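Below is one structure, written out as structure tokens; comments come after it.
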Amino acid sequence: MDETDDTNREEGADDENEGWPTADDDAFDADEATPDPDAPETDTSDEPSGTVPDVESDLSGDADATGSVAGSDTVDTSVNLDTGGVDIDRMLEDDDDSQGLFDDLMAGEPIFRNKEVLRPSYTPHELPHRTDQINQMATILVSALRGDTPSNILIYGKTGTGKTASAKFVSQELESTSQKYDVPCEVEYINCEITDTQYRVLAQLANKFIEKNREIVAGRLEDLRDLRSEATEAGTATLADTEYDDVSAVDDRIADLETDREEMEEVPMTGWPTDRVYSKFFDAIDYHERVVVIMLDEIDKLVEKSGDDTLYNLSRMNSELENSRISIMGISNDLKFTDFLDPRVKSSLGEEEIVFPPYDANQLRDILQHRSDVAFKDDALTDDVIPLCAAFAAQEHGDARRALDLLRTAGELAERSQAETVEEQHVRQAQDKIELDRVVEVVRTLPTQSKIVLFATILLEKNGVHNINTGEVFNIYKRLCEEIDADVLTQRRVTDLISELDMLGIVNAVVVSKGRYGRTKEISLSVPIEETEHVLLSDSRLGDIENAQPFVQARFDN
Ligand code: ADP
Ligand code: MG
């Protein structure tokens with residue numbers, strides 16, 4: 001095993017030495033950074049067992065275990081051959097003894113039992129410390145099971161407070177109970193961060209209901225055709241208990257349903273006028289009696305991007321629907337998003353409000369403990385790992401997502417460094433890595449103008465300027481814009497962009513008084529310089545600046 005240890009350590013070395021991985025390390029994406037234990041490396045130089053001569057013999061069974069290299073033409077002399085040729089069938093049956101290329105790597109994995117459990121995509125079945133909120137939702141939504149329209153609900157809370165997980169849990173329970181009692185109640189979940197325009201929300205909903213309606217129609221048609229053939233064979237007495245007087249009435253109904261089905265065309269994801277999409281959606285939802293709960297997760301993103309038209313239209317629908325009723329459950333990370341809503345929408349949507357407060361460190365510990373029992377092997381975590389993850393995440397506004405990310409990343413880092421257990425140091429490394437990933441993502445997605453401003457700041461710092469003021473940033477910024485043919489904004493605008501960078505935590509800008517010269521901002525970088533520069537230069541527009549650097553520097557030296 002010693003060979004493997006060394007190789008792997010070297011590979012992981014660059015981001016384990018220091019908190020900040022280098023920018024060209026592919027460790028930029030949390031998921032790509034660390035190798036997945038489910039997919040061990042195929043590089044044969046990492047091959048763990050020094051006694052196995054080559055891959056070929058390895059794949060046909062371990063030479064030591066079987067004493068033979070069946071299936072291989074060339075026999076390596078380092079292999080013990082005293083039992084002679086062994087037939088391959090026997091070897092294949094004898095699974096336990098044969099050690100394949102990956103067996104040692106798999107067996108040597110002491111950390112994770114099931115890493116998926118720590119990923120955001122996993123919906124837990126137990127949500128400690130959310131019983132109150134879940135019960136509140138259930139108390140409101142139970143009307144749907146009685147055939148009444150539940151009040152609309154608005155759920156608020158910062159990211160990682162369990163809103164999505166709780167809402168999904170409740171919707172699963174609601175749907176399964178509705179099936180149990182055979183009441184027509186459906187829940188549709190939409191993530192408005194992805195589906196972020198009125199058109200897309202309506203089209204997505206329309207298509208979901210159209211699909212369901214088609215299934216219903218198909219079922220009804222099948223029943224009617226059976227009924228029809230019975231009636232033609234056994235006579236119209238078969239129809240006595242039905243709403244149909246004769247076979248031709250059945251035929252008419254079949255024809256109607258077929259027409260319905262033809263009209264149920266899917267809405268394309270672009271191209272139609274919005275009214276047409278809306279009316280398709282309306283007809284689809286009203287096709288038969290049911291109560292529909294529409295969950296709009298990240299609803300603030302929808303309003304931010306496309307205004308409140310969607311919510312306005314949805315909240316008025318019940319007065320026009322004939323057969324069905326809808327209830328809206330909006331979920332928002334932004335506590336103030338209703339400030340931007342039309343007052344009518346605001347009062348309709350906020351009939352009931354449920355707040356998800358941040359978790360404290362103790363609650364986060366419980367959450368992590370629950371998950372880690374499934375995610376990690378026994379004794380894989382040292383005692384201080386969970387409390388430390390919980391403490392870090394509690395500082396991060398009680399974000400359970402952050403806590404779980406930390407725990408997973410710490411596990412991955414431990415695994416990568418071939419440690420037997422996850423320790424405190426792995427959590428600290430994970431914290432640094434996640435923080436850097438965040439910075440990289442924020443910088444990468446900045447608008448070009450902000451990137452230029454940030455780059456100007458970096459150039460100044462690299463040239464040893466401290467307490468940088470806005471004027472200095474502006475001067476370099478102007479030069480950079482000229483270099484890449486970008487529009488030059490006013491100093492006033494640049495000052496605003498600096499404030500935005502400050503709010504994002506990328507720079508730190510403090511206002512200092514210069515006595516009778518007025519006040520100015522002193523700007524310093526809050527992020528690691530090399531990595532940030534690398535991200536900026538990977539933008540194709542800014543990439544050209546690299547050549548302008550000596551030029552800028554010369555200007556600056558003057
Ligand atoms: P939000 O939607 O409020 O941003 P999520 O519901 O997505 O937060 O939760 C973030 C992560 O934390 C998810 O992986 C979720 O499963 C987990 N989580 C949140 N609250 C709990 C809880 N009470 N118990 C277990 N896991 C939780
Ligand atoms: Mg969410």
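The values are calculated or read from the model by the stated rules, or taken from the named source; none is laboratory data. If you're wondering where the values come from, they're calculated on a predicted model, not measured in any experiment. In this analysis, Cβ positions are derived from the backbone assuming ideal geometry, glycine residues included, and neighbour counts consider all displayed protein chains. We work out accessible area using only protein heavy atoms, side chains counted, and drop any ligands, DNA or RNA first. Shrake-Rupley method; radii C 1.70, N 1.55, O 1.52, S 1.80 Å.
In segment 407-558, how does Rg compare with the Kirkwood Rh, expressed as the Rg/Rh ratio over alpha carbon atoms?
Values: Rg = 18.1 Å, Rh = 16.9 Å.
My calculation of the ratio gives 1.08.
Restricting everything to alpha-carbon atoms, can you work out Rg to Rh for segment 263-415 with a Kirkwood hydrodynamic radius?
Rounded to two decimals, Rg/Rh equals 1.14.
Hey, with R₀ at 56 Å, roughly what FRET efficiency would Val142 and Glu482 work out to, going by the Cβ-Cβ distance, to 0.05?
0.30
At 1.4 Å probe size, with no ligands or nucleic acids counted, give the accessible surface of Val512 in Å², nearest ten.
Rounded to the nearest 10, the figure is 40 Å².
Given H placed on each backbone N at 1.01 Å, which residues far from Val187 in sequence or on other chains put an amide H within less than 5 Å of it?
Those qualifying (amide H under 5 Å, at least 5 residues apart or on another chain) are Val293.
Rounded if a/c is under 1.5, else prolate if a/b is larger than b/c, else oblate: which is segment 455-505, with a ≥ b ≥ c the root eigenvalues of its Cα gyration tensor?
Details: a/c = 1.76, a/b = 1.12, b/c = 1.58.
Oblate, since a/c reaches 1.5 and b/c is not below a/b.
Can you flag which of Lys301/Lys336; Lys168/Lys346; Lys451/Lys478; Lys336/Lys433; Lys478/Lys521; Lys212/Lys301 are past 20 Å Cα-Cα?
Over 20 Å apart, Cα to Cα: Lys168/Lys346; Lys336/Lys433; Lys212/Lys301.
Which length gain, in nm to one decimal place, applies between Asn463 and Asp544 when the Cα-Cα distance is subtracted from 0.36 nm times their residue separation? Before the final figure, lay out the partial values.
Details: separation 81, 0.36 × 81 = 29.16 nm, distance 1.95 nm.
Contour length minus the Cα-Cα distance gives 27.2 nm.
Tally Lys/Arg at +1 and Asp/Glu at -1 over every other residue whose Cβ is under 9 Å from the Cβ of Val292; what's the total?
0
For Asp256 and Glu441, what is the calculated FRET efficiency with R₀ set at 60 Å and r taken between the beta-carbons, to the nearest 0.05?
0.65
Would you mind getting me the FRET efficiency between Glu263 and Lys168? Use the beta-carbon distance for r and R0 = 41 Å, nearest 0.05.
Efficiency at R0 = 41 Å is approximately 0.80.
Report, in debye and to the nearest 20, how large the dipole of segment 405-558 comes out about its Cα centre when Lys and Arg carry +1 and Asp and Glu carry -1 on their Cβ. The partial results should precede the final answer.
Working: 18 positive and 27 negative charges, 188 e Å.
Result for segment 405-558 is approximately 900 debye, rounded to the nearest 20.
Please list, by residue number, every one of the GluC sites (Glu not before Pro) in segment 248-341 that is coil in DSSP and has at most 16 other beta-carbon atoms within 10 Å.
When the GluC sites (Glu not before Pro) of segment 248-341 are filtered for loop state and at most 16 Cβ neighbours within 10 Å, Glu265, Glu266, Glu289, Glu320, Glu322 remain.
Suppose each label sits 7 Å from its Cα in the direction of the beta carbon; what would the Asp339-Arg516 distance come out to in nanometres?
4.1 nm
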